[in-house]
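The block underneath contains the structure these notes are about, expressed in structure tokens.
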Amino acid sequence: MTSGENVGTPPSTDEKISLLSGESFWQTAKAPGVPHLVLSDGPHGVGSAAVADVLGRDGVPASIAFPTSSTLASSWDRELARRQGAGIAQEARRLGVNVLLGPGINIKRTPLCGRNFEYLSEDPVLSGELGAALISGIESGGVGATVKHFAANNQEFDRMVVNAVVDDRALREIYLKGFEIAIRKGRPTAVMSAYNSVNGTPAVANHFLLTNVLRAEWGFEGIVMSDWGSVDDRLASLRAGLDLEMPGSNGVGFSAVRAALESGEIDESLIDESFTRIVDAALRLAQNKPVDPTQDNGQLRQLARQIAGECIILLRNEGNLLPLDTGSPNVTLAVVGAFAAHPRIQGGGSSGVVTGALTSALDEITDQVGGASVVYAPGYDSDVTNDSLLANARNAAERADVVLLFVGLSELIEAEAYDRKDLDLPESHTRLIHELAAANDNVVVILHKGSVVDMSGWNDKVRAIIDVGLGGEGVGGATADVLFGKVNPSGHLAETVPLRLQDTPAYLNYPGSQNRVVYHESIWVGSATTTNASSTCCIPSGTGSATPSSNSESCISKPRM
């Protein structure tokens, strides 16, 4: 059975309408001969499942957390993205999930967007190409991929109500182009509409986006679903091209569609089109039975570590301090920063993955260090400076040959539903960098974050900087592998690091007012503006270092896809 037109006993009209809304928070409805679909976040791992609570956390078996999309993009590697997608699909099959809600293809219009860690790049081509590779990997594993959030969902502030006003050129060349590439090349099972409005019409009921562009121009034949709880007018969204309302509306949507059909306001063929698309996906994906949930996934954990390592970016390496030579028993390494012991692996919100295997960089460094000795100082326990912890960290730095300093952004700063206020590291982290750089000439800064941070006040005060992003559960081992030369840090920035927030193209046009944000900067975003304006750019997109051997000079190289 492969078509919604061939499901055994012909479904009743009510059964067809029922299938257009979710049955529960994570499942579609089912009809005679048509199984339900189990949906799950998220973009970098399986974050929820049929056995979960409505938030998708309690009761969820542990799964593998791969690097977030922001980190994966640093690889500029289609094949690596495809392998990550296939790995996530394998975990989804193990947990009985049919459709994953990812990847996110939205453009990083502003570095303040709280959800930038879920997105790939400021560049639509890079976003589209890597998005297509992720989709291809997921779909190859017998699991459906969902491209989101369509479209112009570029800020978390007021995301439920904001109207993004975008000129046609910017919409086509920047904010839709990544979706177009990912959808045409990747052929996902589903597309998820955004919460926001686009040019005055809610994305969830935007006929221009959902029908004219997505289906008529791009030839998309899969399911168009809503983001959770975003449907205010089920009849308007159905007419615009929305097939599936999630997670359902306790019969409100059903009643609206049924009444419109009975009154002659809509024709039953409109219902049949959406019904057929949902049935086709359900029958196709139901053929791929769940795999043994107890199977050993050690190979996937190794893959997650490998991908994390290949995404690490070497931003500074003065005098080739890295990789470290730890053969001498007289060498002391000071490992400083709570993120060394408790690594940040992902951002906050719906994309979070419950992982059962997480090794810290501190443990991995201790294991790999050879004859050197290791001392650890947490340095901070929050985003506010603790003078006692700061003093202990400085004392450790003064006695060490090399300081490995782990800093970054906390999950409270980078999360779904709200945006960042600035580009700064927490005050406790910035103060720690300055204190330890004054105490020791050999400081290596290891950055944990899913979006850009201001480094202009301290980047020339330390010997080396490596950006590990939000590298998933394998980031601790991958960090140690890079520090000790087992892995070459071959990542490149996938977004521009501005010199100042006010130098970003959208600065004067964000976040808007009165539920309206106008993209006056048009096509200008990220490196498109700063390529020839070094005075406004701290580090341009595409920057990365490769160190062929410990004896050679590090060389800046441009990424290749």
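Bear in mind these aren't lab numbers, they're just calculated from the coordinates by the rules spelled out. This one's a predicted model, so the numbers in the text were calculated from it and none came from an experiment. Positions of Cβ are backbone-derived with ideal geometry, glycine not excepted, and every protein chain shown enters the neighbour counts.
Observations on the model:
- Proximity of backbone amide H atoms, modeled 1.01 Å from N, is registered between Leu425 and Asp454 at under 5 Å, excluding neighbours fewer than 5 places apart on the same chain.
- Highest mean packing comes first when the peptides 11-19, 324-332, 183-191, 348-356 are listed by Cβ atoms within 10 Å, giving 183-191, 348-356, 11-19, 324-332.
- Beta bridges by DSSP in the chain, antiparallel share as percent, to the nearest 5: 30 percent
- Charge dipole (debye, nearest 20) of the stretch 24-286; +1 at Cβ of Lys and Arg, -1 at Cβ of Asp and Glu: 660 debye
- Taking every DSSP beta bridge that has both ends in the stretch 298-492, the antiparallel portion is near 20%.
- Cβ crowding within 10 Å averaged over residues, with 295-303, 129-137 ranked highest first: 129-137, 295-303
- Among the trypsin sites (Lys or Arg not before Pro) in the stretch 397-486, those located in a DSSP loop and surrounded by at most 16 other Cβ atoms within 10 Å of their own Cβ are Arg399, Lys421, Lys486.
- Point-to-point label distance, Gln302-Gln502, nm (Cα→Cβ direction, 7 Å offset): 5.3 nm
- In the stretch 68-127, a dipole from Cβ-located charges (positive for Lys and Arg, negative for Asp and Glu) runs towards its positive end, and of Ser75, Gln90, Tyr119 it is Gln90 whose Cα lies farthest in that direction.
- Distance-filtered residues of the stretch 128-148 - backbone nitrogen under 11 Å, label point 7 angstrom along Glu23 Cα→Cβ: none
- Once the chain from Arg187 to Leu412 is taken as fully extended at 0.36 nm per residue, the excess over their C-alpha distance is 77.5 nm.
- Non-local lysine pairs in the chain, meaning eight or more places apart or on different chains, with alpha-carbon distances under 28 Å, amount to 29.
- Here the chain is assigned +1 on the Cβ of each Lys and Arg and -1 on the Cβ of each Asp and Glu. Its dipole about the Cα centre then comes out at about 740 debye.
- Segment Asn320-Thr9, extension gain: residue separation times 0.36 nm, minus the distance between their alpha carbons: 104.8 nm
- Percentage relative contact order, the chain, counting C-alpha pairs under 8 Å, at least six apart: 19 percent
- Prolate/oblate/rounded call for the stretch 24-286, Cα gyration tensor, a/c under 1.5 rounded: oblate
- Computed over neighbours whose Cβ is under 14 Å from that of Asn106, the net charge equals -3, Lys and Arg +1, Asp and Glu -1.
- Measuring nothing but how far apart in sequence close Cα pairs (under 8 Å, 6+ apart) lie, relative to its length, the stretch 24-286 scores a relative contact order of 17 percent.
- Segment Asp424-Lys30, extension gain: residue separation times 0.36 nm, minus the distance between their alpha carbons: 137.0 nm
- The stretch 421-498 shape via C-alpha gyration tensor axes, a/c threshold 1.5: oblate
- Mean Cβ neighbour count within 10 Å, used as a protection proxy, ranking 263-271, 241-249, 488-496 highest first: 488-496, 241-249, 263-271
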